[in-house]
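One structure below.
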Amino acid sequence: MLARFGKSASLPYLFVAPAVLLLLAISAYPIVFQFLLSFTNLNLAFPAEAQRYFGNYPRLLADPRFWSSGVVLVKLWLGGLALTMLLGTAIALAAFRATFARRLMPVLILPMVATPVVMAHFFQYLYSSDYGLIRFLLERVRLYPGFNISTQAGTVLYSLIVIDTWQWTPFVMLIVWAGLVSIPQELLDAVRVDGASGAATLWHLILPAVSGELAAAALFRTVEGLRAFVIIWGLTRGGPGTASEVTSIYIYNTAFRSLDLGYAAAQGMALLVFALAVSLLLLRVVARTRAQ
């Protein structure tokens with residue numbers, strides 16, 4: 001029996017394979033079911049009238065609300081991604097160079113482990129125009145705009161980007177920190193002996209050395225950003241109006257408020273294809289940076 005499967009070193013894979021197949025089946029079934037559902041006109045208000053229907057995707061292309069929700073999603077994703085990458089890298093560099101900053105790292109990771117619902121209510125308090133801490137601080141420096149920034153169409157996206165940045169900056173920090181500590185100390189000492197400035201060392205040595213970690217962090221942040229729902233729903237419900245209605249919230253409203261499951265499935269497939277395309281692009285970037 002063992003000879004049939006080759007060397008004994010390959011035996012662990014025999015035990016892992018069933019679990020992998022089970023995970024693939026569990027993951028594939030909802031996707032296949034959703035794909036098939038997207039070619040029906042199933043509406044729970046009229047379930048008996050459900051039949052095959054190929055008009056969901058043409059309807060999707062002509063739906064301005066779907067596209068506007070996609071624009072909101074991309075704005076939140078790119079805004080949060082840029083800030084978390086910048087701040088996370090900066091904090092990791094500070095912790096790499098200074099001992100006192102390193103001691104603060106256990107405290108800095110606390111936002112990452114907080115539950116999204118708790119964070120939504122926490123920031124609802126902070127943003128309050130009546131008793132919020134943010135209002136109190138902004139009033140002291142005379143920058144308070146006079147309203148709750150999470151309830152105004154012109155500022156609600158900024159309030160959500162702040163929450164996203166606060167939650168996921170520690171994640172980027174940890175990944176970049178892991179890359180920094182893997183840089184050989186002898187290499188850093190040699191660069192220092194050669195008289196390279198701090199800026200030159202950062203730009204030509206440190207950042208290229210952690211480019212793979214930066215790309216991986218961007219990939220994980222992209223996956224998380226494109227499926228944003230809980231915090232937005234807990235804080236704004238997609239409002240005011242549709243100012244913070246990302247695609248996932250529009251899909252939720254279509255499925256559970258309009259009860260149009262066929263059209264909601266088509267929306268979900270479109271979001272899945274977009275997320276896969278962006279993720280595959282970032283995976284290529286990660287692979288390329290690792291090869292270099």
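The values are calculated or read from the model by the stated rules, or taken from the named source; none is laboratory data. Everything quoted here is computed from the prediction, not taken from an experiment. Heads up, the Cβs are rebuilt from the backbone with ideal geometry, glycines too, and the neighbour counts pull from every protein chain shown.
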- Query: Which ones in region 138-156 are surrounded by fewer than 18 Cβ atoms within 10 Å (Cβ to Cβ) and modelled with pLDDT of 85 or more?
  - Reply: Arg140, Val141, Gln152, Ala153, Gly154, Thr155
- Check Leu83, Leu36 and return the single one that is in a helix (DSSP H, G or I), in contact (Cβ under 8 Å) with a residue 40 or more places away in the chain and either of a type in the set (Gly, Ala, Ser) or more than 30 Å from Pro184 (Cβ to Cβ) (or both). Leu83
- If we keep only residues of region 23-45 that are surrounded by 11 or more Cβ atoms within 10 Å (Cβ to Cβ) and farther than 14 Å from Ala255 by Cβ, then the residue nearest to the chain's Cα centre (by Cα) is Ile31
- For Phe274, all conditions in the list (1) under 23 Å from Leu160 (Cβ atoms); (2) part of a helix (DSSP H, G or I); (3) in contact with a helix residue (DSSP H, G or I) (Cβ under 7 Å, 6 or more places away or on another chain) hold save one; what is the number of the exception? (3)
- Query: Given the conditions (1) at pLDDT below 90; (2) of a type outside the set (A, V, I, L, M); (3) assigned to a helix (DSSP H, G or I), which single one is not true for Gly195?
  - Reply: (3)
- Item | When residues of region 115-131 are limited to those that are in a loop (DSSP other than H, G, I, E, B) and at pLDDT 85 or above, the one surrounded by the fewest Cβ atoms within 10 Å (Cβ to Cβ) | Thr115
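Let's see how each residue does on (1) at pLDDT 95 or above; (2) touching a Leu at 6+ places or on another chain (Cβ under 8 Å); (3) basic (Lys, Arg):
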| position | (1), (2), (3) |
| --- | --- |
| Tyr250 | yes, no, no |
| Phe256 | no, no, no |
| Leu259 | no, yes, no |
| Ala264 | yes, no, no |
| Leu272 | no, no, no |
| Ala277 | no, no, no |
| Leu281 | no, no, no |
| Arg288 | no, no, yes |
- Note on the structure: Subset of region 104-126, residues farther than 14 Å from Met173 by Cβ and either among the small types (Gly, Ala, Ser) or without any contact (Cβ under 8 Å) to a residue 40 or more places away in the chain (or both), comes to Ala114, Thr115, Val118, Ala120, Phe122, Tyr125, Leu126
- Task: Answer yes or no: is there a residue in region 168-176 that is part of a helix (DSSP H, G or I), within 25 Å of Ile134 (Cα to Cα), in contact with a helix residue (DSSP H, G or I) (Cβ under 7 Å, 6 or more places away or on another chain) and not hydrophobic (A, V, I, L, M, F, W, C).
- Result: yes
- Task: Would you mind listing the helices (runs of 4 or more DSSP H) fully within region 210-271 where at least 2 residues are of a type in the set (S, T, N, Q) and surrounded by fewer than 22 Cβ atoms within 10 Å (Cβ to Cβ)?
- Result: 211-226, 247-256
